[in-house]
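Colleague: What follows is a single structure, and I will ask about it in a moment.
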There are 4 protein chains.
Amino acid sequence: MAAQYAIALFGAGRIGKVHSRSISDHPSTRLKYVVDPMPGPAQTLADSYGASVVDEATALGDPEVAAIVIGSATSTHADLVEKGLKAGKAVFCEKPIDLSIARVTACLKAVMDCSAPLFVAFNRRFDPAIAEMRRRIMAGEIGPLELVTVISKDPGALPIDYLAVSGGMFRDMTIHDFDMARYILGEEPITVSAAASALTDPEIAGIGDIDTACVTMQCASGRIAVITNSRRASYGYDQRVEAHGALGTLRTENVPITMLVQEREDGIRREKPLFFFLERYAESYRREWDHFVRVLQGEEKPNPTGEDGRRALLLAEAAYHSLETGRRVTVVEMEGG
Amino acid sequence: MAAQYAIALFGAGRIGKVHSRSISDHPSTRLKYVVDPMPGPAQTLADSYGASVVDEATALGDPEVAAIVIGSATSTHADLVEKGLKAGKAVFCEKPIDLSIARVTACLKAVMDCSAPLFVAFNRRFDPAIAEMRRRIMAGEIGPLELVTVISKDPGALPIDYLAVSGGMFRDMTIHDFDMARYILGEEPITVSAAASALTDPEIAGIGDIDTACVTMQCASGRIAVITNSRRASYGYDQRVEAHGALGTLRTENVPITMLVQEREDGIRREKPLFFFLERYAESYRREWDHFVRVLQGEEKPNPTGEDGRRALLLAEAAYHSLETGRRVTVVEMEGG
Amino acid sequence: MAAQYAIALFGAGRIGKVHSRSISDHPSTRLKYVVDPMPGPAQTLADSYGASVVDEATALGDPEVAAIVIGSATSTHADLVEKGLKAGKAVFCEKPIDLSIARVTACLKAVMDCSAPLFVAFNRRFDPAIAEMRRRIMAGEIGPLELVTVISKDPGALPIDYLAVSGGMFRDMTIHDFDMARYILGEEPITVSAAASALTDPEIAGIGDIDTACVTMQCASGRIAVITNSRRASYGYDQRVEAHGALGTLRTENVPITMLVQEREDGIRREKPLFFFLERYAESYRREWDHFVRVLQGEEKPNPTGEDGRRALLLAEAAYHSLETGRRVTVVEMEGG
Amino acid sequence: MAAQYAIALFGAGRIGKVHSRSISDHPSTRLKYVVDPMPGPAQTLADSYGASVVDEATALGDPEVAAIVIGSATSTHADLVEKGLKAGKAVFCEKPIDLSIARVTACLKAVMDCSAPLFVAFNRRFDPAIAEMRRRIMAGEIGPLELVTVISKDPGALPIDYLAVSGGMFRDMTIHDFDMARYILGEEPITVSAAASALTDPEIAGIGDIDTACVTMQCASGRIAVITNSRRASYGYDQRVEAHGALGTLRTENVPITMLVQEREDGIRREKPLFFFLERYAESYRREWDHFVRVLQGEEKPNPTGEDGRRALLLAEAAYHSLETGRRVTVVEMEGG
């Protein structure tokens, strides 16, 4: 068996478990360390994969560790990115690097001279349908792009305690759609307009958050992207992307649980979409890890990068600014952020 | 055979032919007169249905004429609405009443005291799928509405000569989508934001028009509607409406030419959507005439009304104003129009 | 207005009404006579179209009558075909010519020398999807055919009184599928095997009929066709045809009432198929009349013909013989019938 | 980590690799031995999972081995089933136990008194859509069954050398569909009729095999099942099952590679089905191993069993007998086999 890259995981929560599985399943990587303030979950996760629970310094100080995976609380991301890269470790960071655009910008500046690679995990880019859509657009299958539509609805709002510290829907949820829009557009949006409401739950209005929104962006070429969001789709996780070009469209439909169809007197019924991101993007998580291993092997450049993470956050900032001012906001206005 | 309502048709063009067929097919109506400045087409159309070509005064002066159908050039609509209603005729008017909101407002004021009914022909409301969607929303099938999406793309831009006098895409094409959004929302939008580009043809930019757009509207309740438009969908007429409520969604998909499927090495291919509005909304044209006959019979109130026509135009005005100012525009601002 | 062919209709029942409408709607034909033993329905139907109720002799004796449409009771078909053709009238005969293959064969022999055309109304051939499927198969789109599948289920059994005189499911219902198989195969089946049961209703077993069946046919080239039938599909009229060739398949799916989709917690629900043959094949009835008019005008040969009607019945006979004997039956065995 | 069952795998070919992966991925099993006459592939496979290459006697003689997986050449299956069960090992046997019904019957008789469990791997029963379909039928969702349709087409014939020793299409390919029909029917077929041809490749006719077929079965209750097969579907692996009951149908559609849709001037194109059984039934292979582990743990009875394997082969025998005799063949006739 070939040598394996040793990986240190920060964060033993839900997403940490997903990445542990990928690390373990991949023939070129193994989980060496788990770092988490909660000793119980850390030990359980470590035990499942023959890893050890250690503190941050041990993990970052072990020269065998090739890369760190940051799946801990958002507030710890930027610091860990800096420490990891400065320790010469490749970094796989869950989005976002930080909820503050200033902090993200500072972080990226601080690590500018580090040679180790930084990957920011917008997992949807690795969905087989999305990746294939992008490949075909680049290959000219639908001609020059004109209009991109991203429909993204969660099956139900997360707990209010989570939402209260989430940074708000645009930074927590729409951030994925901003990245998706940039990925599919193949061009940077320069203006952003947003409309939003809190309709699904009075508690969401209570914490000053939103749950229903439409964000429109425009590029220098004139091409337009529109994102539609809801925190609550009773039929499940609704994830659709549509690209309209001069020669046609490419669009991804929801992935049903199975292809079973029921035909009865009350109609023709198909299965609901796969329940939520863990189910819907299971394959994406595997593929993003494959990509990261190829980055470790020097075969690919990290993609998306820290700058991609910053750009998505800039769009979220612009969307909030548009909500407040009622204006079409330019992205450059936000750079001061 | 029961007595039939005699109908006078203004305009012997494409849409005039559609209505002549409906008038003739309906057991309760017959085409008595055709009025058109072009004698050739008028005579041909009149001959097909045993009607006579007459001038405006004759048509409006004949006490046997129960109703007039206005399918002539847009610039003639408002005058004919006024003359028809003042002559005591029921009026079936193709949208829009006028391209100027001031003229529309004046026209509706001028006929305020007329007792004859005025119907403004937003034919899509009569599409079986759309009408059923609306019925079910009203019946609570998807709970309180939160988000309405209207996707509307033409199969290809109309001749530049037509576009030059069309009033612009928002007044000419999106007007249908503004009405659709109002119809499905069941609540009046109070703000409008728009983004638009001319991407499909340099000639369109040349006349100062647009061909690709996204318009977002918001109601007092917070519910949001978004319209996406293109003048050119290479695969045909793309007409989709999606309503998202607390309990689920209702959406209409495109109607394919047939349900034929081809499965080959190069993929699984289905038929394109029905080509354009005459094909896609053939049944809607029949049903809107059935409705108008029931209006003549006193069984139903006209719906949509002149005010519905004015409201859709107000939204178009607001969309243009948003384009120019980069602002979220309130509909009340436009009332001064 | 051009001269119109005068048509005499035999049978003022359900199918007579369908054809009356087509006759009236077509610019080149008009309904002149209705012949029916029931004076009430005959008069009502005649009145709707400005026709007269007359007896058979009058209808057949009027030199102005160009064609007769036979939509009367099955037992009258063969006689009327003979009388009509011998009187020099073009004949449009509802399937079947007779329930007895001997009678059909005798009838066709009796009219062999008549120059007027005989059309047997297998309406499904005129369905836009089916006709397009056939056109594309002929054009080689899926290469040489290998396998044809016809799925045909009624939404619910007809009244037992009707079934008792229907000739049995294979002659009454499957007859359409036998014709469809022949039409799509483009080659004559030479053997037939059948399996059948009475499962949906004890009354059907009580009259010795069947309601659930599978019939397999094979051609000299080896290509195979299979028909699956049920008298009762709770979700509606199920009409699907699938052709498998060396280069792929062509298949027709059911036509839903509308393209409306409901997405809720209990699944993704689409509309049921159009209810029954009058709805599903409305366009086919119009198109088969257009074809018959072109036959009257000498522009096309009748298709399907009397021989097509006889061939479909032969396959039904073979299917019954297979049920009884448990054997794969050759079609030539049935010719003695 | 809990103790794991040690597994010995017979056969290091394609299917052996699939099972090795499942054995390794499951927390309760590990691959201990690989047995294969070809030392190269055996060693490669063993190395990937830390297993050893040994001979049959060693594998069967090691008391630590809890179960054997038989994925070797068909001709070795029956002997290995006998040896494995007599050695007290649980047996997971790829279908078929043997191509000769007499040998299968003898084998099952020989192991009648063995207490270790025998599982015959008809993997499709573990497909999530199929398993859910069966569950819902059992739960009465579509009422009493009347008609079962299995459409099963391979994407292209296997090499002629393979086919020459495959036992013929009914024993090699349709065997899965016979099992599927039995699984869905929930009742034993008592008669079988078959029609078949060799149409896709003259070489197939050359070895006396078939590639296109339709098999009809009937149960004592009258319910009917029909299987349609082709060895060559140019668009890929076509796997559909449809169950029709008194209250409606349940059917499984093909699983597309992704849910990507392309809309262009030449039509609306979706992705082809997943290429072949390894892709289409990847999840089924995982789930059948989960089931087998629960059998090892004494939590479930093996299902399907050796008798299920014999029953499917009996139906294949009956289908061949029907082809030869042109008769509807009873399954009891085959028991003498």
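The values are calculated or read from the model by the stated rules, or taken from the named source; none is laboratory data. Predicted model, so just to flag it, every value in this text is computed and none were measured. Using ideal geometry, Cβ is built from the backbone for each residue, glycine included, and neighbour counts are taken over all protein chains shown.
Colleague: With the structure loaded, tell me whether C:ASP238 is charged (D, E, K, R), under 22 Å from C:LEU278 (Cβ atoms), in contact (Cβ under 8 Å) with a residue 40 or more places away in the chain and assigned by TED's automatic domain parsing to the domain that holds C:LYS272 or whether it fails that test.
Modeller: Yes; evaluated as a whole, the condition is true for this residue.
Colleague: Please report, ordered by residue number, the helices (runs of 4 or more DSSP H) entirely within the range C:233-326 with at least 1 residues that are within 14 Å of another protein chain (Cβ to nearest Cβ) and under 30 Å from C:ALA66 (Cβ atoms).
Modeller: Working: elements: C:277-280, C:282-296, C:306-325.
Answer list for the range C:233-326: C:277-280, C:282-296.
Colleague: Quick check: is even one residue across the range D:58-71 among the acidic types (Asp, Glu), without any contact (Cβ under 8 Å) to a residue 24 or more places away in the chain and under 30 Å from A:ARG21 (Cβ atoms)?
Modeller: No: zero hits.
Colleague: Oh, and also: Taking D:GLY186 as meeting all but one of (1) surrounded by fewer than 22 Cβ atoms within 10 Å (Cβ to Cβ); (2) closer than 21 Å to D:THR325 by Cβ, write down the number of the exception.
Modeller: (2)
Colleague: Can you tell me which of B:ALA213, B:ALA195 is touching a residue at least 40 places away in the same chain (Cβ under 8 Å) and either under 30 Å from C:ILE137 (Cβ atoms) or facing chain A (nearest Cβ under 7 Å) (or both)?
Modeller: None of the other options fit; the residue is B:ALA195.
Colleague: Between A:VAL255, A:VAL215, A:VAL226, which is out of contact with any Cys (no Cβ under 6 Å at 6 or more places or on another chain) and within 18 Å of B:ARG251 (Cβ to Cβ)?
Modeller: Result: A:VAL255 is the single residue among A:VAL255, A:VAL215, A:VAL226 that is out of contact with any Cys (no Cβ under 6 Å at 6 or more places or on another chain) and within 18 Å of B:ARG251 (Cβ to Cβ).
Colleague: Would you pick out the residues in the range C:49-81 that are among the acidic types (Asp, Glu) and either crowded, with 20+ Cβ neighbours inside 10 Å or farther than 23 Å from C:HIS291 by Cα (or both)?
Modeller: C:ASP55, C:GLU56, C:ASP62, C:ASP79 - these are the residues of the range C:49-81 that are among the acidic types (Asp, Glu) and either crowded, with 20+ Cβ neighbours inside 10 Å or farther than 23 Å from C:HIS291 by Cα (or both).
Colleague: Somewhere in the range A:121-135, is a residue within 13 Å of chain B (Cβ to nearest Cβ) and either crowded, with 19+ Cβ neighbours inside 10 Å or modelled with pLDDT of 95 or more (or both)?
Modeller: Among the residues of the range A:121-135, at least one is within 13 Å of chain B (Cβ to nearest Cβ) and either crowded, with 19+ Cβ neighbours inside 10 Å or modelled with pLDDT of 95 or more (or both), which makes the answer yes.
Colleague: Out of the residues in the range D:220-232 that are more than 9 Å from every other protein chain (Cβ to nearest Cβ) and not basic (Lys, Arg), state the one that is surrounded by the fewest Cβ atoms within 10 Å (Cβ to Cβ).
Modeller: So, considering only residues that are more than 9 Å from every other protein chain (Cβ to nearest Cβ) and not basic (Lys, Arg), the one surrounded by the fewest Cβ atoms within 10 Å (Cβ to Cβ) is D:ALA220.
Colleague: Given the residues B:LYS32, B:LYS17, which is the only one that is within 19 Å of B:TYR285 (Cβ to Cβ) and charged (D, E, K, R)?
Modeller: One residue alone meets the criteria, B:LYS17.
Colleague: If we scan the range D:102-122, do we find a residue that is out of contact with any strand residue (DSSP E or B) (no Cβ under 9 Å at 6 or more places or on another chain) and within 17 Å of D:GLU283 (Cα to Cα)?
Modeller: Within the range D:102-122 (the criterion being out of contact with any strand residue (DSSP E or B) (no Cβ under 9 Å at 6 or more places or on another chain) and within 17 Å of D:GLU283 (Cα to Cα)), the answer is yes, since at least one residue qualifies.
Colleague: State yes or no: is D:GLY168 among the small types (Gly, Ala, Ser), out of contact with any strand residue (DSSP E or B) (no Cβ under 8 Å at 6 or more places or on another chain) and surrounded by 18 or more Cβ atoms within 10 Å (Cβ to Cβ)?
Modeller: Yes: the conditions hold for D:GLY168.
Colleague: Specify which of the listed residues (A:VAL226, A:VAL261) is within 30 Å of A:GLY168 (Cα to Cα) and in the same structural domain as A:MET133 (by TED's automatic domain parsing). Even if it seems obvious, please write down each step before you answer.
Modeller: Values: A:VAL261 fails: within 30 Å of A:GLY168 (Cα to Cα).
Result: A:VAL226 is the single residue among A:VAL226, A:VAL261 that is within 30 Å of A:GLY168 (Cα to Cα) and in the same structural domain as A:MET133 (by TED's automatic domain parsing).
Colleague: Just checking, how many residues over the range A:63-118 are touching an Asp or Glu at 6+ places or on another chain (Cβ under 8 Å) and of a type in the set (D, E, K, R)?
Modeller: 2
Colleague: Answer yes or no: is there a residue in the range D:100-115 that is buried (at least 23 other Cβ atoms within 10 Å of the Cβ), at pLDDT 95 or above and more than 30 Å from A:GLY50 (Cα to Cα).
Modeller: Checked against the condition, which is being buried (at least 23 other Cβ atoms within 10 Å of the Cβ), at pLDDT 95 or above and more than 30 Å from A:GLY50 (Cα to Cα), the range D:100-115 yields at least one hit.
Colleague: With respect to B:GLY236, determine if the residue is surrounded by fewer than 23 Cβ atoms within 10 Å (Cβ to Cβ) and not charged (D, E, K, R).
Modeller: Considered against the rule, which asks whether it is surrounded by fewer than 23 Cβ atoms within 10 Å (Cβ to Cβ) and not charged (D, E, K, R), B:GLY236 comes out as no.
Colleague: Could you list all residues from the range D:164-215 that are among the hydroxyl-bearing types (Ser, Thr, Tyr) and at pLDDT 95 or above?
Modeller: Selection gives D:THR174, D:TYR183, D:THR191, D:SER193, D:SER197, D:THR200, D:THR212.
Colleague: Can you find a residue in the range D:4-14 that is surrounded by 20 or more Cβ atoms within 10 Å (Cβ to Cβ) and on the phi > 0 side of the Ramachandran plot?
Modeller: Yes, the conditions are met somewhere in the range D:4-14.
Colleague: Turning to a different aspect of this structure: Looking only at residues that are at the interface with chain C (Cβ under 9 Å from one of its Cβ atoms) and closer than 28 Å to D:LEU147 by Cα in the range D:198-210, which one is surrounded by the fewest Cβ atoms within 10 Å (Cβ to Cβ)?
Modeller: Among them, the one singled out is D:ALA198.
Colleague: Moving to a separate point now. Got at least one residue in the range C:114-130 being closer than 30 Å to D:SER221 by Cα and not charged (D, E, K, R)?
Modeller: no
The rows are residues; the columns are (1) over 24 Å from D:ALA194 (Cα atoms); (2) crowded, with 20+ Cβ neighbours inside 10 Å; (3) free of Cβ contacts under 8 Å to residues at least 12 places away in the same chain.
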site	(1), (2), (3)
C:THR249	no, yes, no
C:ILE257	yes, no, no
C:GLN262	yes, yes, yes
C:GLU265	yes, no, yes
C:PHE277	yes, yes, no
C:GLU283	yes, no, no
C:GLY298	yes, no, yes
C:ALA318	no, yes, no
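Colleague: Looking at (1) at pLDDT 95 or above; (2) over 16 Å from the mean Cα position of the chain (by Cα); (3) hydroxyl-bearing (Ser, Thr, Tyr); (4) closer than 19 Å to B:LYS95 by Cβ, find the lone condition where B:SER221 falls short.
Modeller: (4)
Colleague: Going through the range B:1-27 one residue at a time, which ones are closer than 18 Å to B:GLY84 by Cβ, out of contact with any Pro (no Cβ under 6 Å at 6 or more places or on another chain) and assigned to a loop (DSSP other than H, G, I, E, B)?
Modeller: Scanning the range B:1-27 gives a single hit, B:GLY11.
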